[in-house]
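Here the structure comes first, spelled out in structure tokens, and everything after it is commentary.
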């Protein structure tokens with residue numbers, strides 16, 4: 001490797017590996033060697049990593065616009081941190097224009113994190129093969145993965161959860177009803193298309209599996225001090241509902257696994273989706289649907305938000321989703337999604353400390369009662 005690139009970092013030097021997608025959608029990679037051999041860019045910790053490194057080297061050698069006389073400038077734009085990863089965003093100035101990439105690196109030795117990197121990489125490869133023109137550029141390109149990092153092309157946009165703070169808050173939310181309808185239709189169109197492209201044979205509702213997951217979530221909520229004794233009544237009512245659905249079949253497809261507003265981006269009217277680390281190849285379509293709607297239900301219970309536009313967003317999303325939905329099936333998946341979001345500290349960690357005072361058990365019980373109307377329509 002003869003190419004050397006510069007990295008623009010205030011007070012920082014070191015090794016960087018990253019990738020980008022050009023204007024034609026072709027994936028390529030560039031690197032800053034910092035006077036080090038290529039092997040220093042990615043240190044393989046397993047045979048699989050060594051194979052990935054070899055592929056990475058081939059991609060670098062074939063990078064567009066990275067000839068012996070070209071020296072793209074790479075700028076670190078910023079870093080954010082999740083529970084287990086450091087996420088860095090880079091801008092790359094090349095002769096063909098600006099490129100943007102994201103690199104996730106392990107900062108907490110959780111044994112599941114490397115697996116989630118490989119899951120996300122494989123998921124994005126599969127989705128790219130199936131996506132076609134309808135979803136192109138709406139999700140990241142997988143560029144490189146190892147036991148310690150994953151590199152993806154950046155999907156531009158602001159997360160929907162941040163937009164909702166501006167458009168669905170208690171002060172101005174009533175003026176955003178029309179916008180919520182447009183947003184709901186757009187999100188439903190993307191998710192519906194994603195499910196249609198990855199559609200599998202229908203699956204049945206597995207009451208035993210559902211009951212075990214529900215019990216685990218309730219136990220975790222109780223350790224967090226959320227909702228109190230009423231949560232056990234929710235569990236009993238939900239299990240009764242689930243048991244009655246044992247003979248039902250449901251449409252199945254690939255699932256995003258964490259389809260919530262933080263992972264839905266908007267940029268110049270276009271929608272993008274990120275974070276496929278919880279992807280599954282075959283599951284009920286109700287899982288993704290319930291996670292999105294469940295997040296909105298929790299958000300609507302916060303005093304700083306206006307419930308009406310969030311209900312409109314949820315109702316429009318459900319009504320616009322292209323596959324036929326059964327309200328009875330939606331209910332148990334929605335209850336499970338809400339409990340899972342509470343356990344994960346979403347939509348906000350400090351919400352856990354207040355949620356028990358906002359009658360969570362009451363409206364979860366109403367969700368489990370098929371004679372009670374949903375807070376939104378399908």
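The values are calculated or read from the model by the stated rules, or taken from the named source; none is laboratory data. These figures come from a predicted structure and were not determined experimentally. Reconstructed Cβ throughout: ideal geometry from the backbone, glycine too, with neighbour counts over all protein chains shown.
A count restricted to the stretch 209-224 and to residues that are buried (at least 18 other Cβ atoms within 10 Å of the Cβ) and modelled with pLDDT of 90 or more stands at 4. Residues in the stretch 353-378 that are closer than 20 Å to residue 315 by Cβ and modelled with pLDDT under 85 were compared, and the one that is surrounded by the fewest Cβ atoms within 10 Å (Cβ to Cβ) is 377. Does the stretch 190-197 contain any residue that is assigned to a loop (DSSP other than H, G, I, E, B), in contact with a helix residue (DSSP H, G or I) (Cβ under 8 Å, 6 or more places away or on another chain), modelled with pLDDT of 95 or more and closer than 19 Å to residue 291 by Cβ? No, the stretch 190-197 contains no residue that is assigned to a loop (DSSP other than H, G, I, E, B), in contact with a helix residue (DSSP H, G or I) (Cβ under 8 Å, 6 or more places away or on another chain), modelled with pLDDT of 95 or more and closer than 19 Å to residue 291 by Cβ.
So that you can scan it fast, the table gives a plain yes or no per residue for (1) touching a helix residue (DSSP H, G or I) at 6+ places or on another chain (Cβ under 9 Å); (2) modelled with pLDDT of 85 or more; (3) not assigned by TED's automatic domain parsing to the domain that holds residue 277:
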| position | (1), (2), (3) |
| --- | --- |
| 89 | no, yes, yes |
| 104 | yes, yes, yes |
| 129 | no, yes, yes |
| 147 | yes, no, yes |
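Selection of the stretch 166-176 for residues being in contact (Cβ under 8 Å) with a residue 60 or more places away in the chain, assigned to a helix (DSSP H, G or I) and surrounded by fewer than 17 Cβ atoms within 10 Å (Cβ to Cβ) yields only 174. Residue count for the stretch 216-253 satisfying the condition of being under 12 Å from residue 368 (Cβ atoms) and in contact with a strand residue (DSSP E or B) (Cβ under 8 Å, 6 or more places away or on another chain): 0. Taken over the stretch 154-165, residues that are touching a helix residue (DSSP H, G or I) at 6+ places or on another chain (Cβ under 9 Å) and assigned to a helix (DSSP H, G or I) amount to 5. If I go through the stretch 125-158 residue by residue, how many of them are in contact (Cβ under 8 Å) with a residue 24 or more places away in the chain, under 21 Å from residue 267 (Cα atoms) and surrounded by fewer than 16 Cβ atoms within 10 Å (Cβ to Cβ)? Qualifying residue count for the region: 6.
Determine whether the stretch 308-321 contains at least one residue that is assigned by TED's automatic domain parsing to the domain that holds residue 360, touching a strand residue (DSSP E or B) at 6+ places or on another chain (Cβ under 7 Å) and either under 24 Å from residue 345 (Cα atoms) or part of a loop (DSSP other than H, G, I, E, B) (or both). Within the stretch 308-321, none of the residues are assigned by TED's automatic domain parsing to the domain that holds residue 360, touching a strand residue (DSSP E or B) at 6+ places or on another chain (Cβ under 7 Å) and either under 24 Å from residue 345 (Cα atoms) or part of a loop (DSSP other than H, G, I, E, B) (or both).
Residues are listed down the side, and each one gets a yes or a no for (1) on the phi < 0 side of the Ramachandran plot; (2) touching a helix residue (DSSP H, G or I) at 6+ places or on another chain (Cβ under 6 Å); (3) in contact (Cβ under 8 Å) with a residue 40 or more places away in the chain:
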site: 216; (1), (2), (3): yes, no, no
site: 225; (1), (2), (3): no, no, yes
site: 234; (1), (2), (3): yes, yes, yes
site: 238; (1), (2), (3): yes, yes, yes
site: 243; (1), (2), (3): yes, yes, no
site: 251; (1), (2), (3): yes, yes, yes
site: 260; (1), (2), (3): yes, yes, yes
site: 276; (1), (2), (3): yes, yes, yes
site: 285; (1), (2), (3): yes, yes, yes
